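Structure, as structure tokens:
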Amino acid sequence: MREQNYGRIVMTTSSSGLYGNFGQSNYGAAKMALVGLMQTLSIEGAKNNIKVNCLAPTAHTRMTEDLGAALPLEALGPELVTPGLLYLVSEDAPTRVILAAGAGGFERAYVTLTQGDYATGLNAPEQVAARFDIISDRTDEIVPEMGVAQGMMELTKAHKAHGG
């Protein structure tokens, strides 16, 4: 892919990894790991026009058959996920996208970071507990371009707290 300066990679993740599902801890962990792999490969492949994405399908497969009456399996044909996959491998594909797809519906999932707050000192655990609503507030949350954004955000808070 690097030599031809072009490539498209789509990994199959799952709502079990993105949001959790009872009884699927090992499966969920593996599927969320693919999101982390996508994040890094998309950064590394950018200079060579290699687009890397994840697809989180909801479709009638052998794995979902055991869910029985929990899902209307007749409405979850794999062909209803295919348009999303085709876009993710197209010439105009985005990169670093988690696309959820099923029953003809398409959604985008994100890994985000809130603005948070700052807490230090001997009572920092108590500060975190007292400010947890502020820390959790999704107003102005971001989708970081790279993992270093978290550290930079934290250092900025520390700098401001110390009069910088």
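Coordinate-derived values only; no laboratory data. Since the model is a prediction, treat every value here as computed from it, not as a measurement. In this analysis, Cβ positions are derived from the backbone assuming ideal geometry, glycine residues included, and neighbour counts consider all displayed protein chains.
For Rg and Dmax of the Cα atoms in Å, the listed values are [x] 19.7, 61; [y] 18.2, 60; [z] 18.4, 63; which was obtained by calculation from the structure presented?
Working out Rg and Dmax of the Cα atoms in Å from the coordinates points to [x].
May I ask you to derive the relative contact order of the chain, considering only C-alpha pairs under 8 Å and at least 6 residues apart, and to give it as an integer percent?
18
Report the label-to-label distance for L37 and E107 in nanometres (one decimal), using points 7 Å from each Cα along the Cα→Cβ vector.
2.5
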